[in-house]
Structure formats: structure tokens, C-alpha cells
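Enquirer: Here it is: the structure, laid out below.
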Amino acid sequence: MDKIIEVKHLSKYYGKSRGVIDLSFSVEKGEIFGFIGPNGAGKSTTIRTLLALIRPTSGTATIFGKDCIEQAPNIAEKVGYLPGEVYYYDKMRVRDLLHYSASFYGKNCVPNIDRLCKRLDLDQDKRIETLSLGNKKKVGIVQGLLHEPELIILDEPTTGLDPLMQQTFFDILKEENEKGATVLFSSHILSEVQKICSRVAIIREGRLVSIEDISALKQKQVLGVSFEYEGDEAPDLVELKGVSELTVDHNLCRLVFQGDVNELVESLTKINLVSLHIEEPSLESIFMHYYSTQKDHV
Amino acid sequence: MNILSFEFKRHLKMTIFFALFLAIFSSGILFFYIYIKEDLDMMMEFFDRFPAPMKAMMGSEVSIVTKPLGLFSFIYSFISLIPAIQAIYLGLSIHGSPFSEKTSEFIFTKPASRARHFVMKVFSGFALLILETVFFIAVLALVLFFMGESDDSASTLLWFADAFLLTQVVFFALGTLLAYLFMGIKSYLSVSLGVAAFFFAISAFAVSGNTDKLKFLTPFQYHRFDSVLLNGYLDSDLFFFSLLIITVLFGISYFRLTSADVYNR
């Protein structure tokens with residue numbers, strides 16, 4: 001398969017501060033590639049280097065086989081970018097901003113602008129300064145996609161979007177992907193990456209922890225489980241593969257589970273439950289668990 | 001071209017507003033001349049009584065006030081701070097907005113090199129300053145025509161236009177450099193005011209000092225209207241020096257933009 005993005009031993013330091021360290025990964029043509037890590041992990045630094053906004057301290061990055069820094073304007077013709085924080089010219093109307101954005105691509109993007117605005121329910125006559133964060137994010141989505149890019153780079157794209165709009169956005173992304181666009185999707189929310197991506201790179205403290213297929217990651221999925229049960233005898237879940245940190249306090253049981261969720265559910269059906277909570281733990285705790293598992297293997 | 005027209009349109013209203021202010025103010029001075037021309041001899045006597053250092057600070061030759069453009073040049077030398085502020089502000093605003101408004105990740109990820117961004121923004125600034133100069137000088141010419149004083153003023157006005165435009169471009173380049181040296185300046189007006197006042201203060205020393213070398217330190221002294229009126233042309237040394245300064249200021253700015261990290265901070 002063609003490599004659309006190829007990052008080799010990329011490091012970036014801001015003075016003495018760490019940005020990213022010795023990062024290497026590649027994104028294949030047509031895939032939706034997740035890029036996940038906690039805040040400050042180096043996701044935005046990597047993306048900004050790919051977009052030539054910042055220069056790497058060492059290492060290289062190529063998009064479409066071209067050097068990201070040397071051939072940035074050529075690359076940008078085929079790239080759509082949605083930054084994590086959206087800032088535009090406050091006094092401008094949405095329509096004017098989108099048309100200005102379109103003017104860089106040398107083709108008629110108006111039908112696509114209208115289509116995307118309609119889809120996202122975005123009023124083009126409003127001034128940017130009057131828009132809510134969610135609507136500004138919609139402007140960002142439209143300006144990133146209006147020229148039908150071959151590569152879409154998204155940095156925390158769902159921040160500020162309500163759940164319905166998030167779903168619409170994911171649908172649009174999937175459609176673009178089906179049309180042939182490659183997507184690099186950066187997020188700190190594991191569930192949304194799992195929802196849409198086929199592979200994911202996990203980054204922490206500037207270093208690449210792992211690159212996983214989503215199916216493999218789901219197998220490693222860590223869940224925080226708590227339930228209340230009836231009866232005097234504490235349920236015996238210690239034997240269940242993937243259970244850790246099991247605590248029982250009166251009739252309230254808490255545990256961390258990593259493994260096949262069907263096996264967990266099957267075990268829980270044998271217990272007379274009063275209440276059940278299964279939640280996705282914070283990314284940091286997932287990493288802690290992931291690390292401890294890795295260390296155990298070593 | 002899109003960057004040029006975008007920046008031009010974005011700053012057009014401010015430029016028109018300022019050009020109008022300048023035109024009205026200049027017209028006011030010229031109309032003022034009509035009312036005081038009968039009493040100019042008395043005014044000259046009044047000026048003659050001023051101490052020598054103070055007369056030096058007022059400009060080269062107080063006697064030029066006997067002509068309408070002379071009076072204009074004399075009074076303009078005191079308000080030249082205002083166009084300087086406007087030109088520095090323009091440079092800061094055109095070049096600094098991606099950093100102060102945090103639009104750098106929007107604009108610098110478009111298919112246009114940073115070099116193109118820079119050049120187009122400089123051109124948009126030039127276009128605005130040329131427009132302002134043409135409007136300002138045209139209004140001066142028109143008022144002189146109605147006053148019946150336009151007979152020998154055409155070439156002087158052309159030199160005035162050159163002097164005004166060149167000085168504005170120097171200050172515009174200064175604003176440009178500040179925008180790239182201190183990415184993220186938000187209070188354009190206070191920075192413009194401070195920088196212009198600094199050079200204006202040096203200018204006061206330059207005209208009252210014993211050496212001509214001080215003139216090279218402040219753009220206010222490069223192309224003064226009263227010098228143009230007395231000499232009939234621009235000082236060639238200062239002309240080439242101002243071109244050199246413009247080139248250096250834009251050169252450093254260009255290098256800074258093309259080599260710096262430009263993400264939203």
C-alpha cells in the first residue's frame with residue numbers, strides 16, 4: 001500500500017522543553033489512522049510539523065512522498081486541516097471566510113461549501129464573532145473539507161460539538177474516506193478513535209508507545225466496572241481472566257477489566273445485580289494499565 | 001493575489017479614515033493660512049523672539065511659513081507623529097494578525113508559501129499607503145487650486161508625495177519587523193504610539209543638535225516637508241539611506257517569518 005504520511009525519527013524540542021522524541025510511524029493510503037495520547041503528549045506538535053507550522057529539531061516527515069517542510073505549499077493543496085482550537089477573523093462573515101479559504105485552491109468550491117454547511121446546519125451569513133464554540137468548529141470542518149482533500153488531518157476535532165453533530169461529523173468523515181481520502185485523527189478520547197479508526201498510534205510524553213489495530217486494542221480495552229449485588233456471599237470474579245484491582249466493600253464491588261467484554265458479561269449474569277456501572281477509564285489510567293501489562297510481560 | 005486583496009480590503013476602512021483625517025487637517029491648515037496671511041509679518045517677529053534652540057526644534061527655516069505650503073510644512077512637522085503611528089500600526093496589523101488573532105494555523109496551512117504570504121502582505125501595505133498618499137496630496141492640490149495658490153506648487157506637491165510615502169513605508173517596515181520579532185503583540189496602538197514617540201523624541205534632538213548624523217537615527221528626519229520646500233528635492237543621502245533601512249527591515253522580517261515556528265501559542 002502507498003504510504004501517505006511517513007514520519008521517521010522525528011524529534012522536536014522547544015528550547016529545552018520536550019515536544020516529541022524519536023517518533024516514527026506511517027499512515028497508509030485510504031485508512032483512518034488514530035493518533036491518541038493524553039494532553040501534552042505531543043500529538044499537536046507532530047501534526048504541526050506535518051503541516052510545516054513548526055520545524056523539527058531532527059528527523060523527517062513526508063506527505064505524498066514529499067518533504068513536509070521543503071514542499072509544504074504543494075502538499076497543502078491536497079491536505080485539509082482542522083486545528084484543535086479554532087480561531088478565525090472575528091469580523092468576517094462565515095461565507096466570506098470560507099470563500100477566502102477556497103480562493104487558495106484554484107477551483108470552484110462553492111457547491112461543496114454549500115453542501116457541507118447545509119449538512120452541518122451552519123448559517124453562512126453570521127459573523128464569526130457571534131458563533132458558539134461548536135459553530136466555530138463547524139466552520140473549521142467546512143474550511144478543512146471544502147476542497148475535497150486527499151488527506152484530512154484532524155486535531156481534537158469533536159471538542160465543542162454536541163453528540164448529534166459529532167455523529168454527523170463522523171458520517172461525513174466516513175464518506176470522505178469512502179471517496180478515497182486518508183484521515184489522520186488525533187484525539188485524547190479513546191472511544192471516538194475506536195469508533196472510526198482502523199489503526200491507532202498511541203503517544204505518551206512525546207514518545208510513541210505503540211501502534212495497534214483497533215481490533216487488537218479493543219481486546220486490550222480497559223474498563224472500570226462497579227456493581228452492587230444482593231446476598232451475603234461476595235461474587236468470585238478473581239478467576240476471570242483480565243480482572244484486576246478487585247475490591248469488595250459491603251455489597252459494592254469494584255474492579256478493572258481488560259479482555260473480552262463478552263466473558264465479563266457472562267460472568268456478571270451469574271450474579272444477582274442491583275446496579276451496574278461500566279465506564280471507560282481516563283486515558284492516563286489506560287496507559288498506566290497498559291504499561292504495567294507491558295512490564296509484566298517483560 | 002487573494003492574500004493581497006484580502007489584506008487590502010481588511011485595512012481599507014482604517015486607511016480611508018486616516019487619509020480623511022489627514023486631508024481635513026491639512027485643508028484646515030491651508031484655510032488657516034488665508035486668515036493669517038495679512039498678519040504673517042507680525043507672526044515672523046513673534047517667532048524671531050524665540051530662543052535659538054527652540055527655533056531649531058521648530059525646523060530648518062521659520063521663514064517658510066509665509067507661503068501656504070510652508071505654513072503647512074511647519075505645522076505638519078508637529079503632527080507627523082500621527083501618520084507614523086498609523087504606518088507602524090498598519091505594519092503590525094497586516095503582519096501580526098495571524099499571531100495576535102491566532103489565525104496562523106488557518107492561514108499558514110493553505111497552499112501558499114510563507115514567502116508569498118510575506119510579499120503579498122507587503123504589497124497590500126504599499127497599495128494602502130500609495131492610496132493614502134494620492135488622496136492626501138490630491139486634497140492638498142485641490143485646496144491650493146481653490147485658494148489660487150497652485151501656480152508653482154505642482155512639483156513641490158510631487159516631492160511632498162514622495163517624502164510622505166517614503167517616510168510612511170519606513171514606519172510600515174518598522175511595524176512589520178516588530179510584528180515578526182515579537183509574535184503575538186496584541187496592543188498595536190500602544191506599541192505604535194510608543195515606537196513613534198521614541199523616534200519623534202530622537203527627531204527633536206536631531207534638529208536641535210550640532211551634528212547631521214543624528215538625522216539618520218530617526219525616520220522623521222529622512223524626508224521633511226520643510227526640507228523639500230527649501231531644497232526643492234529630497235536629500236539624496238537620506239533617500240538612499242531610507243531605502244537601505246526599508247530593505248534591511250523587510251529582509252529581517254522575511255527571514256524571521258520563513259524560519260520561525262508559527263503555530264497558535
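Enquirer: So which residues in the stretch A:60-75 end up with at least 50 square angstrom less accessible surface once the other protein chains are there, compared with the chain by itself, probe 1.4 angstrom?
Expert: Buried by the other chains: A:PRO73.
Enquirer: Excluding same-chain residues fewer than 8 positions from B:LYS13, which lysines have a Cα within less than 23 Å of its Cα?
Expert: Within the straight-line limit of under 23 Å, B:LYS13 reaches these lysines: A:LYS91, A:LYS126, B:LYS102, B:LYS121, B:LYS186.
Enquirer: Separate question: Using 0.36 nm per residue of separation minus the Cα-Cα distance, give me the extension gain between A:THR247 and A:LYS179 in nm, one decimal.
Expert: Between A:THR247 and A:LYS179, full extension yields an extra 19.5 nm.
Enquirer: Multiply the residue separation of A:SER198 and A:SER132 by 0.36 nm, subtract the distance between their alpha-carbon atoms, and state the gained length in nm to one decimal.
Expert: So the extension gain works out to 20.6 nm.
Enquirer: Related question: Using the Karplus curve 6.51 cos²θ - 1.76 cosθ + 1.60 with θ = phi - 60°, what ³J(HN,Hα) values do you get for each residue of the stretch A:265-271, in whole Hz, with x for Gly and Pro?
Expert: 4, 4, 5, 5, 5, 7, 9
Enquirer: Please give the net charge around A:LEU51, taking every other residue with its beta carbon less than 11 angstrom from that of A:LEU51, where Lys and Arg add +1 and Asp and Glu add -1.
Expert: Taking every other residue near A:LEU51 into account, the sum is 0.
Enquirer: Next up: Starting from the Kirkwood Rh over alpha-carbon pairs, what translational D in µm² s⁻¹ does the stretch A:3-217 have by Stokes-Einstein at 20 °C and 1.002 mPa s?
Expert: 122
Enquirer: What FRET efficiency do you get for B:ILE34 and B:ASN2 if R0 is 45 Å and r is their Cβ-Cβ distance, rounded to the nearest 0.05?
Expert: E(calc), rounded to 0.05, equals 0.40.
Enquirer: Could I ask something else about it? Distances longer than 18 Å among the Cα atoms of the stretch A:181-243: what percent of all pairs is that?
Expert: Every Cα pair in the stretch A:181-243 considered, those over 18 Å come to 53 percent.
Enquirer: Please compute the volume of the convex hull spanned by the alpha-carbon atoms of the protein assembly as shown and report it per residue in Å³.
Expert: 204
Enquirer: Here is a further query. If you restrict to DSSP beta bridges whose two residues both lie in the protein assembly as shown, what percentage is antiparallel, to the nearest 5?
Expert: For the protein assembly as shown, the DSSP antiparallel bridge percentage is about 70.
Enquirer: So what is the relative contact order of chain B, in percent, for Cα pairs below 8 Å that sit 6 or more residues apart? Write out the running numbers ahead of the final one.
Expert: Values: 298 pairs, mean separation 76.2, N = 265.
Computed over chain B, the figure is 29 percent.
Enquirer: I'd like to compare A:221-228, A:5-12: which one has the highest average count of other Cβ atoms within 10 Å, and what's the full order after that?
Expert: Ranking, from highest mean packing down: A:5-12, A:221-228.
Enquirer: Just add up the charged neighbours of A:SER24: K/R +1, D/E -1, any other residue whose Cβ is under 13 Å from the Cβ of A:SER24. Intermediate values should be presented prior to the final figure.
Expert: Details: positive: A:LYS3, A:LYS8, A:ARG207; negative: A:GLU6, A:ASP22.
Residues near A:SER24 contribute +1 overall.
Enquirer: When DSSP beta bridges are limited to those with both residues in chain A, what percentage is antiparallel, rounded to the nearest 5?
Expert: Here the share of antiparallel DSSP bridges comes out near 70 percent.
Enquirer: To the nearest 10 Å², what's A:ARG254's accessible area with a 1.4 Å probe?
Expert: That residue has around 130 Å² of solvent-accessible surface.
Enquirer: A further question on this structure: Quickly work out the B:LEU214-to-A:GLU85 label distance, labels modelled 7 Å from Cα along the C-beta direction, and quote it in nm with one decimal.
Expert: 4.6
Enquirer: What net charge is computed for the residues neighbouring B:LEU234, neighbours being all others with C-beta under 11 Å from the C-beta of B:LEU234, Lys and Arg scored +1, Asp and Glu -1?
Expert: -2
Enquirer: Non-local amide H neighbours of A:PHE104 (under 5 Å, H modeled in plane, Pro and chain starts lacking H): which ones?
Expert: Answer set, sorted by chain and number: none.
Enquirer: Given a 1.4 Å probe and heavy atoms of the protein chains only, how would you sort B:PHE225, B:PHE205, largest accessible area at the top?
Expert: B:PHE205, B:PHE225
Enquirer: Distance between the C-alpha centers of the stretch A:13-28 and the stretch B:144-189? Whole Å please.
Expert: The stretch A:13-28 and the stretch B:144-189 have Cα centres spaced 46 Å from each other.
Enquirer: Mind checking B:99-106 for the average number of partner chain beta-carbons within 10 Å of each residue's beta-carbon?
Expert: The mean count of partner-chain Cβ atoms within 10 Å per residue comes to 6.
Enquirer: Take B:PHE126 and B:LYS9, extend 7 Å from each Cα along the Cα→Cβ direction, and tell me the distance between the two endpoints in nm.
Expert: 2.2
Enquirer: Between A:LEU273 and A:ARG55, what is the FRET efficiency for a Förster distance of 56 Å, r being their Cβ-Cβ separation, to the nearest 0.05?
Expert: Numbers: r = 56 Å, r/R0 = 1.00.
Once rounded, the FRET efficiency stands at 0.50.
Enquirer: Continuing with this model, one more query. Quick one: divide the alpha-carbon radius of gyration of the stretch B:2-259 by 2.2 N^0.38 Å and tell me what you get.
Expert: Output field value: 1.07.
Enquirer: Name the residues whose placed amide hydrogens come within less than 5 Å of the amide hydrogen of A:ILE203, ignoring near sequence neighbours (fewer than 5 apart) on the same chain.
Expert: The list, which skips near neighbours in sequence, is A:ILE36, A:GLY37, A:VAL209.
Enquirer: So how do A:ILE203, A:ILE69 rank on accessible area, 1.4 Å probe, biggest first, that is with the largest at the start?
Expert: Output order, biggest surface exposure first: A:ILE69, A:ILE203.
Enquirer: Hey, another quick one. List every residue whose amide H lies under 5 Å from the amide H of A:LEU246, counting only residues 5 or more places away in sequence or on a different chain, with H placed 1.01 Å from N in the peptide plane.
Expert: Excluding prolines and chain starts, which carry no amide H, the hits are A:VAL256.
Enquirer: When only the heavy atoms of the protein chains count and the probe is 1.4 Å, how do B:GLU38, B:GLU105, A:GLU156 rank by accessible area, highest first?
Expert: Reading off the accessible areas and sorting them downward yields B:GLU38, A:GLU156, B:GLU105.
The values are calculated or read from the model by the stated rules, or taken from the named source; none is laboratory data. All figures in this text were calculated on a predicted structure; none of them were measured in a lab. Heads up, the Cβs are rebuilt from the backbone with ideal geometry, glycines too, and the neighbour counts pull from every protein chain shown. Note: areas computed on protein heavy atoms with side chains; ligands, DNA, RNA excluded. Shrake-Rupley method; radii C 1.70, N 1.55, O 1.52, S 1.80 Å.
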